[in-house]
Structures are given as C-alpha cells and as structure tokens.
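Chemist: Have a look at the structure that comes next, please.
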Amino acid sequence: MTDRSRPLTDHSDHSDHSDDWYLDDEFWRNFGSLMFNADTFARGSQEVQLLLDLLGEHPGTVLDLGCGPGRHALPLADAGLKVTAVDTSPSLLAQLEAALDGRDIEIVEADMREFTREQAFDLVIVMWTSFGYFPDEADHRRVLDRIHDSLKPGGRLVLDLVGLEYLCRHLQPVHLTEYDDGRILVERPDLTADMTRLENEWMLIDGDRVHYHSFSHRVWSAGEIRSLLAQAGLAVESIHGDYAGSDYDLEAERLVVIAQAT
C-alpha cells in the first residue's frame with residue numbers, strides 16, 4: 001500500500017500497493033470519512049432492519065467481522081442483540097467506541113483470519129465487501145473456517161459482497177465523486193487475474209494536497225462463492241441482490257449470501 005500526501009504540483013509516479021493495505025490504518029484515516037458518513041450510517045440502520053426481516057428470526061448473539069466504525073454493529077445492538085464487533089483498524093474502532101452511548105457492544109481489535117470463538121454466535125455478518133482483502137487464496141478459506149467454528153450448530157453467516165457479474169456489466173474505468181466539502185475522489189478500478197481480482201487506485205484531492213492509495217480485492221461470481229462456502233461446511237440457503245431479498249441477477253448491485261453451518 002502506498003500512502004502519500006503531497007502538493008498537486010508533484011506529478012511523480014507512485015509505487016505498487018502493499019498486499020497488507022487493509023492493515024494500514026493511514027488508509028482508513030484518510031478515506032474513512034468518505035466511506036463512513038451520516039448517509040452510510042443511515043443506510044446501515046436500514047440494511048440491518050431489512051436483513052433481520054430477511055433472516056426471519058432475530059439471533060441472540062452476533063459477530064460483526066470487519067465492523068469498521070459500527071454502521072451495522074450499532075443498529076444491531078439497538079435491536080436488542082448481543083454484538084461482538086471485530087476489526088483491525090484502531091481508528092475505526094475508536095470511532096465505534098465513541099459512538100456507543102451506553103450500548104453494550106464488545107469491541108475486539110483482531111484480524112478476521114485469526115479471530116475465533118468456539119460455537120459462540122447465532123449469526124456472523126461480514127458486510128460491505130469486507131471479505132476478500134487477502135492476496136493469498138488460502139486466507140479466505142481460513143476466514144470461513146474460523147467463522148464456521150465460531151457459529152453455533154445451525155448458526156448462519158451473511159456475506160455482503162459485490163458480485164463479479166455486476167462488475168463485468170457496470171465497471172467504469174474511471175469514476176469521479178465530488179463531495180460537499182470540496183474534496184474530489186478519483187477511482188480507477190480494473191478487473192485482473194482472469195477477472196478474479198479488482199485492482200483499484202484512489203486519488204483524493206483535498207485542497208492543494210493529494211492522497212494516493214492503491215489496493216486489491218478478490219471478487220467471486222455467485223457460483224464460485226457458493227462452492228467456497230461449501231468447502232468450509234457452510235451450506236448456502238439463499239443468494240439475493242439486496243437486503244430486501246431481491247433476486248440476484250445481472251442488475252443486482254450487491255451479492256448477499258445467507259449460509260448455514262453444517
């Protein structure tokens with residue numbers, strides 16, 4: 001991962017991304033306010049309600065892996081669930097802790113490849129494409145094995161991903177977003193490695209400074225993720241295109257998978 005702040009007049013090349021970009025807390029400090037704002041928190045509350053309705057029952061204990069600043073952990077706690085929130089970013093977890101306001105959420109700083117708690121949870125959620133960070137394919141299976149071990153018998157997993165089918169149809173080579181505070185984000189995504197990885201370069205223009213980051217993320221088709229889950233003893237119950245339970249098709253913006261520990 002590269003992360004540099006420098007004047008706009010500096011046009012020198014930046015180096016390739018680090019395999020451990022997700023462990024670089026500078027990334028979350030620079031870009032976290034773009035990804036986690038009032039609008040995304042409001043959507044998080046709506047997503048939790050829709051998801052609980054989709055599941056058909058309210059679990060007692062929930063593990064939120066890759067929880068960030070609590071977009072889903074906070075409304076889950078508001079719904080009366082016992083929540084454990086896990087992330088690697090100290091700055092994002094500090095934001096979650098500051099927002100607790102009396103809520104009883106267990107906050108754990110840990111890598112999802114390592115965290116496990118034997119048969120402790122009715123539900124594990126990995127939301128907003130927080131699954132897929134690792135360059136080593138074995139690490140994704142490792143995470144799923146940890147999840148399986150952490151679920152109670154019959155417990156359920158929800159994976160919220162961006163699907164390969166959607167990316168193939170809608171991916172734009174350059175995307176620009178202008179924010180109300182004057183910042184501009186330029187994104188340059190590209191599907192590589194036989195369309196199994198999404199490489200992305202982000203350039204955040206903030207006044208006369210520019211922050212650069214590049215990162216890589218694994219993407220799966222619906223069939224591929226079904227097969228990977230089965231290998232970890234997680235049987236897919238359903239695959240949806242959103243939290244309301246819509247069909248997953250070429251127009252679906254999300255790939256929401258519900259699986260059960262066998």
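Please treat every number below as a calculation from the coordinates, not as lab data. Worth saying up front: this structure is predicted, and the values here are computed from it rather than measured. Here the Cβ is made from the backbone with ideal geometry for all residues, glycine too, and neighbour counts use every protein chain on show.
Chemist: Could you run the Debye sum over the Cα atoms of the stretch 173-223, one equal point scatterer each and no solvent, and tell me log10 of I(q)/I(0) at q = 0.23, 0.25, 0.30 Å⁻¹, two decimals?
Modeler: So the normalised log intensities work out to -0.83, -0.90, -1.09.
Chemist: FRET efficiency for GLU237 and ALA193, Cβ-Cβ distance as r, R0 = 35 Å, nearest 0.05?
Modeler: The pair GLU237/ALA193 has a calculated efficiency of 0.75.
Chemist: What's the exposure ranking of THR88, THR129, going from fewest to most Cβ atoms within 10 Å?
Modeler: On the way: THR88 21, THR129 18.
Fewest-to-most Cβ neighbours within 10 Å comes out as THR129, THR88.
Chemist: Going by how many other Cβ atoms sit within 10 Å of their own, how do MET195, MET112 line up, fewest first?
Modeler: Numbers: MET195 13, MET112 25.
The order, fewest Cβ neighbours first, is MET195, MET112.
Chemist: Another one. So what is Rg over Rh here for the stretch 118-208, counting just Cα atoms and using Kirkwood for Rh?
Modeler: 1.10
Chemist: Taking the alpha-carbon set of the chain, what are its Rg and Dmax in Å?
Modeler: Looking at the chain, its Cα Rg and Dmax stand at 18.3, 58 Å.
Chemist: Rounded to the nearest 500, what is the chain's calculated 222 nm mean residue ellipticity when only DSSP H runs of at least 4 contribute -39500 (n - 2.57) each, over all residues? Numbers along the way, then the final one.
Modeler: Numbers: 7 runs with 75 residues, N = 262.
So the helix-based figure for the chain works out to -8500 deg cm²/dmol.
Chemist: Roughly what % of Cα-Cα distances in the stretch 190-261 sit above 17 Å, to the whole percent?
Modeler: 60 percent
Chemist: Label MET203 and LEU167 with points 7 Å out from Cα along Cα→Cβ: what is the distance between them in nm?
Modeler: With each label point 7 Å from Cα toward Cβ, the separation is 2.2 nm.
Chemist: When the gyration tensor of the stretch 29-155 is built from Cα positions, what are the square roots of 5 times its three eigenvalues, in whole Å, from largest to smallest? Present the calculation step by step, with values, prior to reporting the outcome.
Modeler: Details: eigenvalues 87, 72, 37 Å².
After scaling each eigenvalue by five and taking roots: 21, 19, 14 Å.
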